[in-house]
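Here the structure is laid out as structure tokens; the discussion comes afterwards.
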Amino acid sequence: MTRLAERIEAVEQRIGSACRRAGRARDAVTLVAVTKSIGPETARQAFELGLTHLAENRPQQLWARAAVLPPGVHWHMIGHLQRNKIERTLPLVEWIHGVDSARLLDALEEAAGARGQPVHVFLECNASGEASKQGFAPADLEPLLPRLAALRWVRVRGLMTMAAYDATPENCRPTFALLRQLRDRLRGQVTAPHDLEHLSMGMSNDFEVAIEEGATMVRLGTVLFEGIETEAS
Ligand SMILES: *Cc1c(COP(=O)(O)O)cnc(C)c1O
């Protein structure tokens with residue numbers, strides 16, 4: 001087994017254990033591998049080792065990666081997306097995690113409609129309340145919901161958050177629990193094609209706690225890839 005295969009296996013074990021602790025099925029959680037810190041060749045190896053959901057946080061790098069990786073990759077855009085980058089990004093991605101304004105929703109709807117291709121999005125929520133974080137304030141989500149009725153191509157599939165970094169992952173639990181409670185409360189207020197089924201939360205430092213609190217997508221970079229390229233050379 002290569003170092004990367006071992007690393008993936010170790011992360012897989014940890015995800016499996018967290019699912020078991022929470023009484024959840026393993027397939028209720030998708031591992032989204034964040035490839036921003038590795039080269040395209042390592043990203044390709046990760047894909048070949050079974051990580052079919054890959055993510056970038058900068059549009060330009062996503063465009064470059066998507067051009068050289070196999071067409072079977074399910075691409076996720078996880079960072080802030082400026083409206084002038086929508087046109088080139090939309091044809092490449094299935095999921096956009098960081099939607100943080102009504103203007104962006106409307107611009108995505110227009111572009112997705114013009115292409116006739118649906119796009120699945122997460123509303124980013126600043127559930128930790130840090131001033132530096134992007135996203136809707138928790139109180140601003142409910143007033144947004146009536147606008148979703150006008151969206152046909154943009155499908156709001158869930159909420160996404162970034163916890164404050166904390167050396168003790170347990171301290172991130174209230175942020176994740178808050179996102180889940182918000183989702184549970186708002187879920188009954190949306191209609192198809194929206195469903196708020198998903199919670200995109202949990203990074204390398206805190207993904208096990210996030211899974212215990214209901215994450216359906218964890219976005220992992222460091223824990224999978226740190227040091228992998230230097231070890232290989
Ligand atoms: C980089 C990044 C991640 C992955 O972070 P790690 O701590 O390396 O796992 C997840 N989500 C977003 C939005 C990121 O930018």
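The values are calculated or read from the model by the stated rules, or taken from the named source; none is laboratory data. Just so it is clear, the model here is predicted, and its values are computed rather than measured. FYI the Cβ positions are ideal-geometry reconstructions off the backbone, even for glycines, and counts take in every protein chain you see. With ligands, DNA and RNA removed, areas are computed over all heavy atoms of the protein, side chains included. Shrake-Rupley method; radii C 1.70, N 1.55, O 1.52, S 1.80 Å.
Quick notes on this structure:
- Label-to-label distance for ARG14 and GLU142 is 3.6 nm, based on points extended 7 Å past Cα in the beta-carbon direction.
- In a simple Cβ point-charge model (Lys, Arg +1; Asp, Glu -1; nothing else charged), the chain has a dipole of about 460 debye relative to its Cα centre.
- Neighbour cut-off at most 10 other Cβ (10 Å), DSSP loop, chymotrypsin sites (Phe, Trp or Tyr not before Pro), region 62-136: none
- Here region 98-161 is assigned +1 on the Cβ of each Lys and Arg and -1 on the Cβ of each Asp and Glu. Its dipole about the Cα centre then comes out at about 260 debye.
- Heavy-atom accessible area per residue - region 91-233, 1.4 Å, Å²: 43
- Solvent-accessible area of region 1-149 (1.4 angstrom probe, protein heavy atoms only): carbon and sulfur portion equals 49 percent.
- Within the accessible area of region 175-233, the carbon and sulfur atoms contribute 48%, probe 1.4 Å, all protein chains present.
- Excluding exposed DSSP-loop GluC sites (Glu not before Pro) (at most 15 other C-beta within 10 Å), longest clean stretch of the chain: 1-93
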